[in-house]
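Here the structure comes first, spelled out in structure tokens, and everything after it is commentary.
Bear in mind these aren't lab numbers, they're just calculated from the coordinates by the rules spelled out. Since the model is a prediction, treat every value here as computed from it, not as a measurement. Note that each Cβ is placed from the backbone with ideal geometry, even for glycine, and that neighbours are counted across all protein chains shown.
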């Protein structure tokens, strides 16, 4: 867990795809938000909320792939919170099996993963590029970064740690790599534009918390990530 005064961010990997779920908030205000609660995240999130003695104000989703929203129906109802997702990923919210193939029937989710998908659509709120969400004592800046999916977003926080911005990058950027674009409706051209627009201008010391794998920094990726280095040149 990273802390700066009363503000904190904590992450852990979830499920078979090892997607990262994050809790971030303010211990003095006893509030937080949850980002990308994937498979088997519900119990762990509830445990960490209790351990920190904080209340969840919202669930934020970087995109609509199942490995990042698997536990949303259970958690949203249990915590009684809204769920924020970019509208261009609403097709995945409604039918997450389409990430594996545009024409796959919903029965695939139950047959392959044991999931009966019943999303809490009445709780759904829309993310927008340039929007700033004031949640859990933090200002969460939203950047729309299509490519991995049409509605992929990243979250930038300048007030979580003094002089060290934090980027929750979803599946846009990883340590040493970038997100896949060979899923339905993925686009490398859009991904490259998103990386150039949303990542390259950031300060070197920006801490990157990705959707999979270990944390990194913008400096490390600008110099050591072949995809980003090529764009930088």
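Applying the Kirkwood pairwise sum to the alpha-carbon positions of region 2-232 produces a hydrodynamic radius of 17.6 angstrom. With a Förster radius of 45 Å applied to the beta-carbon distance between residue 5 and residue 94, the computed FRET efficiency rounds to 0.65. The modelled label-to-label distance between residue 128 and residue 111, using points 7 Å beyond Cα along the C-beta direction, is 4.1 nm.
For region 117-175, the direction-averaged projected area of the alpha-carbon convex hull comes to 5.6 nm². In the chain, helices alone account for a calculated mean residue ellipticity at 222 nm of -6000 deg cm²/dmol, with every DSSP H run of four or more residues adding -39,500 (n - 2.57).
The distance linking region 3-30 with region 142-162 is 16 Å (Cα centroid to Cα centroid, whole angstrom).
Distance between the modelled labels on residue 231 and residue 205, one decimal in nanometres: 2.3 nm (7 Å Cα→Cβ projection). Compared with the direct C-alpha span, the chain from residue 53 to residue 196 gains 47.6 nm at full extension, assuming 0.36 nm per residue.
Each label was represented as a point 7 Å from its Cα along the Cα-to-Cβ direction; for residue 103 and residue 17 these points are 2.3 nm apart. For the chain, averaging the sequence separation of C-alpha pairs within contact (under 8 Å, six or more residues apart) and dividing by the residue count gives a relative contact order of 16 percent.
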